[in-house]
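The values are calculated or read from the model by the stated rules, or taken from the named source; none is laboratory data. Predicted model only: the values in this text are computed from it and were never measured. Cβ atoms come from the backbone with ideal geometry, glycine included; neighbour counts cover every protein chain shown. Only protein heavy atoms, including side chains, enter the accessible area calculation; ligands, DNA and RNA are left aside. Shrake-Rupley method; radii C 1.70, N 1.55, O 1.52, S 1.80 Å.
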Amino acid sequence: MVERTAELTEANAQLAARASQIERLNGKLSEQNRYKSEFLAIVSHELKTPITALLTNVDNVREERDDVARRDMCDQMERSLEDLRQQILMILDAAKVESGSIAPQICAVDINDVIGEAELMLGMIARGKGVACTVRVAEMPVLMTDPDMVYKIGVNLVGNAIKFTPAEGHVTVDVKWFSQDEVLSIEVTDTGVGLGTDDPECLFERFRQGDSSLGRSYGGTGLGLSLSRDFARMLGGDVEAFALERGSRFVACVRAIPWREECDDD
């Protein structure tokens, strides 16, 4: 009888523990579903905003006879189109990461070419907002890495910094390669509004922003940082966020070995 009672007590304890675990999982799933619902609402708004701007400017260009005004409107349309394109690409990348259908494509890369391409695109956005953007790329050899992922890490981090930096602010990008560790580093420092949270890790959670009010004020889908970390980890590295007295700093590191002819043979 005593043995049976002990068995029942143990069984009840196990059931209680399982019930508690299920309750925690349900709570987590409910929270994730809430984040996804908020994300879908944000995406709907963010995609609609540049489309509305484009349609309005198209009508204005048709009616405007002043060439200077026409050029300004065309510039605005170009920025809206680039914004729309980047958001759609991020959503597609997020879907690929979620489904596990994306993997690094390692090849020989001249980092100057990758960063230069990103600088051309982001420079237009920075100038349109009145934000100064300084890019410094240290000397380094041709490296073995995935150029598309490195490009997207840079674009996402720098684009995010520009977005949260007010006019007349400054964004600095330092790209270095550490030969001893064979690590490529992209460090982005801004004089913007800061992280907006006491927990930097939450910034990297998909479907979640550190401060929803900041997200609504400054726009964006909130996918850029999570995708940057996903790509960095696929390349054997990571992304970290640091709060500064004024602004913030994000550092992305990826594994990158120097290219040698035998690499191609492999």
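The table below lists the values:
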read-out	value
Enumeration of residues in the range 98-114 that are part of a helix (DSSP H, G or I), open to solvent by 30 Å² or more (accessible area, probe 1.4 Å) and either over 25 Å from Ile162 (Cβ atoms) or among the β-branched types (Val, Ile, Thr) (or both)	Glu98, Ser99
Failed criterion for Ala118 (all others in (1) in contact with an Asp or Glu (Cβ under 9 Å, 6 or more places away or on another chain); (2) among the hydrophobic types (A, V, I, L, M, F, W, C); (3) in contact (Cβ under 8 Å) with a residue 40 or more places away in the chain hold)	(1)
So Arg216, is it modelled with pLDDT of 95 or more and either outside any loop (DSSP other than H, G, I, E, B) or among the hydroxyl-bearing types (Ser, Thr, Tyr) (or both)	no
Unique match (being under 20 Å from Asn156 (Cβ atoms) and at pLDDT below 75) among Arg62, Arg79	Arg79
Of all residues making up the range 161-188, the number that are open to solvent by 40 Å² or more (accessible area, probe 1.4 Å) and either at pLDDT below 85 or hydroxyl-bearing (Ser, Thr, Tyr) (or both)	1
Breaking point among (1) surrounded by fewer than 19 Cβ atoms within 10 Å (Cβ to Cβ); (2) in contact (Cβ under 8 Å) with a residue 24 or more places away in the chain; (3) closer than 24 Å to Thr52 by Cα, for Gly123	(2)
Single residue of Val193, Val239 found to be open to solvent by 60 Å² or more (accessible area, probe 1.4 Å), of a type in the set (Val, Ile, Thr) and modelled with pLDDT of 85 or more	Val193
Some residue of the range 43-54 being buried (at least 16 other Cβ atoms within 10 Å of the Cβ), at pLDDT 75 or above, in a helix (DSSP H, G or I) and of a type in the set (Gly, Ala, Ser)	no
Per-region count, the range 196-213, residues at pLDDT 55 or above, in a helix (DSSP H, G or I) and open to solvent by 50 Å² or more (accessible area, probe 1.4 Å)	1
